[in-house]
1. For K110, list the aspartates and glutamates whose Cα falls under 14 Å from its own Cα; do not include residues on the same chain fewer than 8 positions away.
2. Rounded to a whole number, what % of the accessible area of the range 1-131 do carbon and sulfur atoms account for, probe 1.4 Å?
3. What ranking do 40-50, 14-24 get when scored by the average of other Cβ atoms within 10 Å per residue, highest first?
4. Tell me the per residue accessible area of the range 46-144 using a 1.4 Å probe; a whole number in Å² is fine.
5. What is the list of residues in the range 30-46 whose amide nitrogen lies under 17 Å from a point 7 angstrom out from the Cα of E128, following Cα to Cβ?
6. If you stretched the chain out fully between K121 and F42, how much longer would it get, using 0.36 nm times the residue separation minus the C-alpha to C-alpha distance?
7. What does the charge count near K110 come to, summing +1 for each Lys or Arg and -1 for each Asp or Glu among other residues with Cβ under 12 Å from its Cβ?
8. Checking the table K38/K130; K38/K119; K38/K117; K48/K117 against a 28 Å threshold on Cα-Cα, which pairs fail?
Amino acid sequence: MNFESLINLLPYSEPFLFVDELEEVTEKGISGTYTFKKDAYFYRGHFKDNPVTPGVILTECMAQIGVVCLGIFLLKDRELENFGVALSNATVNYYLPVLPGEKVKVVSEKEYFRFNKLKCKVQMFNAEEKLVCRGEISGMIKAE
């Protein structure tokens with residue numbers, strides 16, 4: 001499975017797709033990037049005169065790259081025409097803001113994948129390779 005076809009299997013679309021590119025995918029983990037668009041809808045009100053990417057959006061970006069993309073890869077031998085994704089837990093600590101137009105890199109390491117539940121240690125870095133946030137994210141992936 002190539003990276004582009006993996007991204008195309010994601011159950012998201014604009015304006016809620018937070019994956020631009022996958023750099024590496026293995027059975028043990030994944031890394032990928034996303035550039036936050038300067039005109040993204042959530043910047044209009046967060047914060048009024050000093051826009052910053054909301055933590056929930058950073059978490060979503062980490063979940064899409066670090067859990068959902070990896071889960072699709074791990075299920076590559078199954079039929080993925082109809083599948084569901086549900087975030088079951090996220091514990092994230094935030095260290096630096098992400099501003100409009102910034103590119104981030106997400107690096108995820110699989111802790112376990114069993115009974116269709118995937119748990120990962122996920123980190124996000126800015127273009128200067130400084131840690132933006134990190135945590136553990138898990139989710140259920142149901143393939144039919």
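The values are calculated or read from the model by the stated rules, or taken from the named source; none is laboratory data. All values derive from a computational prediction rather than experimental measurement. All Cβ positions, even for glycine, are placed from backbone atoms using ideal geometry, and neighbour counts span all protein chains on display. Each accessible area value is taken on the protein alone, full model and side chains, heavy atoms only, with ligands, DNA and RNA left out. Shrake-Rupley method; radii C 1.70, N 1.55, O 1.52, S 1.80 Å.
1. Within the straight-line limit of under 14 Å, K110 reaches these aspartates and glutamates: E24, E27, E136.
2. Exposed carbon and sulfur together represent 50 percent of the surface.
3. 14-24, 40-50
4. The answer is 53 Å² per residue.
5. none
6. Here the segment from K121 to F42 would lengthen by 25.8 nm.
7. +1
8. K38/K119; K38/K117; K48/K117, as the Cα separations exceed 28 Å there.
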